[in-house]
C-alpha cells in the first residue's frame, strides 16, 4: 500500500463539495435516527396509538435494511448517482407524508417509506467515498462521514424537543425537505462519476425480490418476537419459517442467474466474510449501548435526559476521531493489526460497563463510551475499507451494501437478544405490561447488567473476527 499524492481530503480539496454532499446525505439518516425519540410523547398525545408507537422505529429499521444489498447491485449496474438521488428523493417523499400523517398507522406506514429511501442513502455515500478516495485517503473521508453521527447524537434530541415543545412535531419531518434538496443539488452540481463501462447487465429482479422478502420476514421476527407475539407461537415460528424459505429460494436463484444481485462468490472470500461478521457485531454492540446506556443513566443514576444523551454521545464523538486517524495505522501495520489495536479500548470499555450500578457516576459511564467509540473507530472503518479495497469498482457497491446489510442484521439480532435479557432480569417480568409500574433505579440497574455482559461477549467475538481479516488485502484502486 502506498500513500496517495493527494494530501488534502477535507472541504478545501477539489473533492470537498462532493464530501459535503455525502455528509448532508448521511445527516438525513443520522438525524432521523435520533430526532424522533424526544418527540414521541407529543406525537402520541396528538395522534393516539400509544401501543403502536414502537413500530415507528421498527418499520423504519426494517425497510431501511431489506433493500440495502439490492441498492448496492443497482449502483454497480446503473451508477452511484441515480441510486443515491433515488434514495434522497424517496426519503423526501416519506418525510412529507410523515409530516401530513393523520393517524399513528399512517405515520408508521410513511416511516416505512422513509426507511426505503434511507436504505439507499447510507451505503451509496460510503460507496462513493470508496470510489473517489484512494486507500490511503479513505480513513479520513470515512471519519468525516462518521462525525455526522456524532453531531446528530447531540443535535438530534435537542432539535426534536424544541420542535415538539415550541413548534410542532411535524417540523421534525418538514425540516428534511430542504436538506434533501440541498444534498441532491450539491451532489448533482459537483459529482461526475464514470458510468459502468460495457453493455448494461440485466438486473436479477427475482433474486432481489426473494432476498428483500426473506430478509424482511427474518428481521421482523427478530424485532417483534417476544413482544408482539411469543417466540414459540404459530406466528413467531411461521414468520421465521417463511423467511428461511424465501432466503433458500434466493440462494437457489443466485447460483443459476448470469448476473446475481448478491454474488455468492463474493460472500465466500475470506476478507468479505470476516468484515461482514465484524460489521454484524458492530451493529449489535452499538445497538446495545444506544438502547440501554441512556435509560440506565437517567433511570438508575437519576440524571436528566440531556445528561443521559450526552453520556452516550461521547461514544459517537470518539468514533470519528479514531476513524479519521486510522489510515495512518493501517497503511503502516495493516488492516487486521489496526483492528487489534482498537480491540484494546473496545474490550476495556465494554468490560468496565459490566461494573456499573446505582452508585456509579455518569462520568464513569461516559468514559466507558469514549473507549468503546475509540475502539470502534479503529475497527469499523478499516474493516469496511479493507472490504472495499479487495474488489474493483464493478463490485464495490455490492460489497458496501453487504457490509451495511450485515450491520442491520446485527442490530436486529441485538434488539431481540438484549431485550430478552433485560426483561428476564426484571423482577416479576411477566407483570411488566402497559399498566405495570416502571422499574425503580435498582431494578433497572439489575436489568441492564446482563445486557452489558452480552455486549462484552459481542465485543470479544468481534475481536476474534478482526483477527481473521487478512492484514493487507490487495487494493483494487
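Here is how the numbers come out for the structure above:
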item: Order by protection proxy (mean Cβ within 10 Å, highest first), peptides 180-188, 378-386; result: 378-386, 180-188
item: Label zone at residue 424 (point 7 Å along Cα-to-Cβ), backbone N below 11 Å, segment 335-362; result: none
item: Cα long-axis angle, helix 441-466 against the chain (0 to 90 degrees, to the nearest 10); result: 20
item: Nearest-ten-degree value, helix 362-389 long axis tilted from longest Cα axis of the chain; result: 30
item: Acute angle (nearest 10 degrees) that the helix 270-299 long axis makes with the longest principal axis of the chain, alpha-carbon atoms; result: 30
item: Relative contact order (%) - criterion: Cα under 8 Å, at least six apart; region: the chain; result: 22
item: Label zone at residue 174, where the point sits 7 Å out along the Cα-to-Cβ direction: segment 62-103 residues whose backbone N lies under 11 Å; result: 99-100
item: Gyration tensor (Cα) of the chain, equivalent ellipsoid semi-axes in angstrom; result: 33, 26, 24
item: Order of 42, 275 - criterion: other Cβ atoms within 10 Å of each residue's Cβ, fewest first; result: 42, 275
item: Percent of alpha-carbon pairs separated by more than 18 Å within segment 204-260; result: 38
item: Sorted by Cβ density within 10 Å, fewest first, the residues 316, 235, 63; result: 235, 63, 316
item: Efficiency of FRET from Cβ geometry, residue 242 and residue 100, R₀ 51 Å, rounded to 0.05; result: 0.95
item: MRE, 222 nm, helices only [DSSP H, n ≥ 4, -39500 (n - 2.57), over the chain, to nearest 500]; result: -26000 deg cm²/dmol
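Read-outs throughout are calculated quantities, based only on the coordinates presented, and are distinct from any laboratory measurement. Quick caveat: nothing in here was measured; it's all calculated off a predicted structure. Because the Cβ atoms are built from the backbone with ideal geometry, glycine has one as well, and the counts that use them run over all protein chains shown.
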